[in-house]
1. Right, Val15: assigned to a strand (DSSP E or B) and either in contact with a Leu (Cβ under 6 Å, 6 or more places away or on another chain) or at pLDDT below 95 (or both) or not?
2. If you scan the range 75-90, which residues turn out to be surrounded by fewer than 17 Cβ atoms within 10 Å (Cβ to Cβ) and touching a Phe, Trp or Tyr at 6+ places or on another chain (Cβ under 9 Å)?
3. Take the range 25-44 and flag every residue that is in a loop (DSSP other than H, G, I, E, B) and either at positive phi or not hydroxyl-bearing (Ser, Thr, Tyr) (or both).
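The values are calculated or read from the model by the stated rules, or taken from the named source; none is laboratory data. Quick caveat, the model's predicted, so the values are computed rather than measured. Reconstructed Cβ throughout: ideal geometry from the backbone, glycine too, with neighbour counts over all protein chains shown.
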Amino acid sequence: MDARIVITAVEESWVEIQDADGALLFSRVLRKGDVYRAPNRPGSLLVTGNAGGLEVAADGQVVPSLGPIGNVRRNVKMDPDLLKAGKAWP
C-alpha cells in the first residue's frame, strides 16, 4: 500500500517518527529535496527540529505548515485527516 503521508524537505530538517508503542521508526536529517514516505501506522508521532523546512502531504494534498523555519515541533500526530485540518499537534 502506498504511503498516505509523504514528507519532503524544502530545507535541511531533523525528523524522528515513533509508532504508537514508542518504537523508533525513523530518525535522521533530511536534506533539501529528500523525500520520506511514512508507514501507515495509526498513532505514530513526528518530532522535527525545523518545522518550516518540511512540506507534508497527506493523501496527495499538501497540508498546512507545521510551523516556521527553525521551529521545533513535537508530538505531531501522523494522522492524514488531522494533518489536512492543521490540527495534528498540540
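1. Details: assigned to a strand (DSSP E or B): yes; either in contact with a Leu (Cβ under 6 Å, 6 or more places away or on another chain) or at pLDDT below 95 (or both): yes.
When the stated conditions are applied, Val15 passes them.
2. Hits for the range 75-90 are Asn75, Leu82.
3. Restricting attention to the range 25-44, the residues satisfying the condition of being in a loop (DSSP other than H, G, I, E, B) are 31-34, 39-44.
If the condition is that a residue be in a loop (DSSP other than H, G, I, E, B) and either at positive phi or not hydroxyl-bearing (Ser, Thr, Tyr) (or both), then Arg31, Lys32, Gly33, Asp34, Pro39, Asn40, Arg41, Pro42, Gly43 are the ones that fit.
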